[in-house]
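Data block below; observations after.
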Amino acid sequence: MSNPVQTLSIGTKRVIPCAPCVCRDRGRFIGREAELRLALAGWSADRGKSPSAPLVVGEPGVGKTRLARELARITGQDLYVLWGNEDVTADDLVVSVRESDHPDRRIDYVLSPLGTAVVRGGICLLDEIGELRPSALAVLLSLLDDQRALFVPLLGETLAVHPAFRLIATMNHGDSLAALLPPKLARRLRPVIRMAPADPEELLQVMADAGLESGSDRSLIRHFWKRWGELRPGIQPTPSDVIDILGLAQGLAAVPFPHPPGTGSEDRPLTRELLDQAMVAVLREVEENDALPESA
């Protein structure tokens with residue numbers, strides 16, 4: 001028998017909260033102490049000040065989402081992630097309705113990641129906030145001012161914000177704050193934390209954490225940089241690039257195919273050939289994704 005769906009009471013209605021994000025371990029978060037301190041300072045509620053909502057700006061793969069995950073780890077709070085896109089309506093931003101499987105209900109009210117974090121407490125990451133419609137963004141205004149409240153028309157209720165609720169948003173580096181965000185909202189998304197690309201020393205630490213040797217024999221590290229320069233001249237890899245490439249290369253080394261298990265193939269060392277295969281595969285995927293046409 002399946003477990004009953006957990007619900008919360010809001011006014012006269014029962015609502016279903018969403019589950020927090022389960023984040024896979026991607027190793028240490030390296031070299032972002034200043035950004036973490038800025039976000040935590042913005043979230044402080046000392047001297048009667050309401051917590052602000054930091055906006056993290058940076059290139060894809062630089063670690064914006066990872067910053068939010070690290071903040072959740074540091075604070076011990078649950079993380080709820082809402083990915084911004086133009087299909088998200090003002091209602092969807094907080095609560096949606098669906099046909100119910102319960103014999104006594106025709107519909108279920110389902111809290112979004114933002115709505116769940118507001119009611120239960122926790123961190124909500126609004127990823128790519130600039131992709132949301134202006135009508136959806138307007139919902140955030142009362143949430144981020146001194147009212148700290150959120151009216152939900154679908155429920156006919158005003159949600160009181162949990163004291164432990166915190167919000168953080170992200171945007172890509174090339175996006176314009178003035179073009180994509182209403183001025184009133186842009187003024188509430190502070191501090192603006194600009195994440196620069198990781199420097200080479202930080203990338204070496206990422207490589208070491210991902211299992212690439214960092215001792216006297218640095219041939220694989222040199223080969224990584226050589227091949228990267230050939231495939232991406234003039235472009236520096238992001239920490240996500242490094243982690244994805246090395247993770248795939250290590251996966252290739254561990255796959256027993258085409259030899260049967262137990263023949264020793266599972267213990268193959270990481271080689272230049274495997275590193276090449278992984279790098280070409282990951283970068284080809286990036287190229288194909290970049291070439292996809294935008295939806296009409």
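Assorted remarks:
- Scope region 91-111; condition of a type in the set (A, V, I, L, M) and assigned to a strand (DSSP E or B); matching residues: 95, 97, 107, 110, 111
- Residues in region 178-189 that are in contact with a Ser or Thr (Cβ under 9 Å, 6 or more places away or on another chain) and either under 30 Å from residue 242 (Cα atoms) or assigned to a helix (DSSP H, G or I) (or both): 188 only.
- Test for residue 52: is it surrounded by 14 or more Cβ atoms within 10 Å (Cβ to Cβ) and assigned to a loop (DSSP other than H, G, I, E, B): yes
- When 212, 204, 155 are checked against the criterion of being in the same structural domain as residue 18 (by TED's automatic domain parsing) and either hydrophobic (A, V, I, L, M, F, W, C) or more than 20 Å from the chain's Cα centre (by Cα) (or both), a single residue qualifies: 155.
- Screening residue 85 with (1) part of a strand (DSSP E or B); (2) touching a residue at least 40 places away in the same chain (Cβ under 8 Å); (3) surrounded by fewer than 18 Cβ atoms within 10 Å (Cβ to Cβ) gives one miss only, at (1).
- Residue in region 258-266 that is surrounded by 15 or more Cβ atoms within 10 Å (Cβ to Cβ) and modelled with pLDDT under 80 present: yes
- Of residues in region 105-132 being among the hydroxyl-bearing types (Ser, Thr, Tyr) and within 18 Å of the chain's Cα centre (by Cα), the one surrounded by the fewest Cβ atoms within 10 Å (Cβ to Cβ): 112
The values are calculated or read from the model by the stated rules, or taken from the named source; none is laboratory data. Keep in mind the model is a prediction, meaning the values are calculated, not measured. So basically every Cβ, Gly included, is an ideal-geometry build from the backbone, and we count neighbours across all protein chains shown.
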